[in-house]
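Every read-out reported here was derived from the displayed coordinates using simple, explicitly stated rules and does not represent laboratory data. Just so it is clear, the structure is predicted and the values come from calculations on it, not from any experiment. FYI the Cβ positions are ideal-geometry reconstructions off the backbone, even for glycines, and counts take in every protein chain you see.
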Amino acid sequence: SYQNIKISTPKPGVGLITLNRPKALNALSSPLFVELNDALSKFDKDASIGAMVITGSERAFAAGADIKEMQSLTFSAAYTTDFIAPWSHLSTSITKPVLSAVNGYALGGGCELAMMADILYCSRTAVFGQPEIKLGTIPGAGGSQRLTAAIGKARAMELVLTGENFSGAQAGEWGLAAKVFETAEECVEGALKTAEKIATYSRVAVKAGKEVVNKSQDLGVREGVEFERRVFHALFGSRDQKIGMAAFAEKKKPEWSHE
Ligand code: CO8
């Protein structure tokens, strides 16, 4: 029933969301975000799903927030309706791992959406950038913060202030992308395979793993290590820790309870 995205489950335990506004290079309009958030929540709640992948087309992951929608927006309307709020759903409410498989343009809000994912994969020829400066504005969905955390202040500042693009190959060299692929097809397949692998593990441990790594972005090292220790200790209360360690000792494959 979605108009702007497609969803499928192409591998066991994996939910795939494909952005699908080809005529607008997957520009991220408000209606698209309503659908994306709905699909993310449904997969997040679905016990058969262990991880998700967001992708676009070979030409565009997403060419940004929908400029035509924002063109006439006023400060008061943006402020009172909290215009950007729906964009936070992925990073604040989704607890299962999300991968982005980026091919073609990932500009502005498209780059920001890709960076909200827990793991970013791309093809060598993907085109990333934060070109908002050319529109008389700045990144508004976390781009300045996540890009800086991923590639360092020097490069991020240069990119945000010049609006210059960078390639998928550079994203890999700079540590923004975890893996870089030759073709779009390989990129999506690679993301699906990783998602499938993650989906085979204990949901409890995977959720905890995502949580502790993400906390490292907000906390200092000392507090982060303390947080990790608390979560690590807490996992001795899970059934899956007993199952996993018993299976190792007995040289068997663990059958996770997800409890
Ligand atoms: N918004 C709306 N429509 C878009 C967008 C966009 N971001 N990008 C492309 N389109 C549309 C074009 O208008 C065009 O439509 P039409 O056929 O009706 O004229 C169609 O998609 C195809 O695009 P082009 O003809 O321009 O295709 P080209 O291959 O010539 O160029 C580019 C591709 C280089 C990607 C070019 O389309 C472009 O520069 N797009 C805009 C990139 C950009 O500036 N993105 C940043 C947008 S601002 C932003 O994302 C701010 C995020 C902050 C948070 C937002 C909160 C809501």
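By the equivalent-ellipsoid construction on the alpha carbon gyration tensor, the chain comes out with semi-axes of 32, 20, 19 Å, ordered largest to smallest. Summarising the strand pairing of region 106-216, around 40 percent of its internal DSSP beta bridges are antiparallel. Net charge of the neighbourhood of Ser30, taken over other residues with C-beta under 9 Å away and scored Lys/Arg +1, Asp/Glu -1, is -2.
Across the chain, the mean sequence separation of Cα contacts (distance under 8 Å, 6 or more residues apart), normalised by length, yields a relative contact order of 17 percent. When peptides 11-22, 115-126, 148-159 are sorted by average Cβ neighbour count within 10 Å, with the highest value leading, the order is 115-126, 11-22, 148-159.
Using all pairs of distinct alpha-carbon atoms, the Kirkwood hydrodynamic radius of region 203-249 works out to 11.4 angstrom.
The peptide list 249-257, 86-94, put in order of mean Cβ contacts within 10 Å with the highest first, becomes 86-94, 249-257. Taking the dipole about the Cα centre of the chain, with the C-beta of Lys and Arg at +1 and of Asp and Glu at -1, give me whichever of Thr80, Leu36, Leu99 is farthest to the positive side. Result: Leu99. Each other residue within a Cβ distance under 10 Å of Val213 adds +1 if Lys or Arg and -1 if Asp or Glu, for a net charge of -1. When both region 1-66 and region 186-259 are represented by their alpha-carbon centers, they are found 25 Å apart. Pairwise Cα separations in region 23-101 fall into 5 Å bins from 0 onward with the following percentages, short to long: 3, 13, 21, 23, 18, 12, 7, 2, 0. Using DSSP, restrict attention to beta bridges with both residues in region 5-199 and report what percent are antiparallel, rounded to the nearest 5. Restricted to region 5-199, the bridges split so that about 25 percent are antiparallel. Comparing Phe236, Phe43, Phe61 in a Gaussian network model of the chain, where Cα atoms under 10 Å apart are tied by springs, the biggest mean-square fluctuation is seen for Phe236. Can you give the net charge of the other residues whose Cβ lies under 11 Å from the Cβ of Glu223, counting K and R as +1 and D and E as -1? After counting each charged neighbour, the total is +1.
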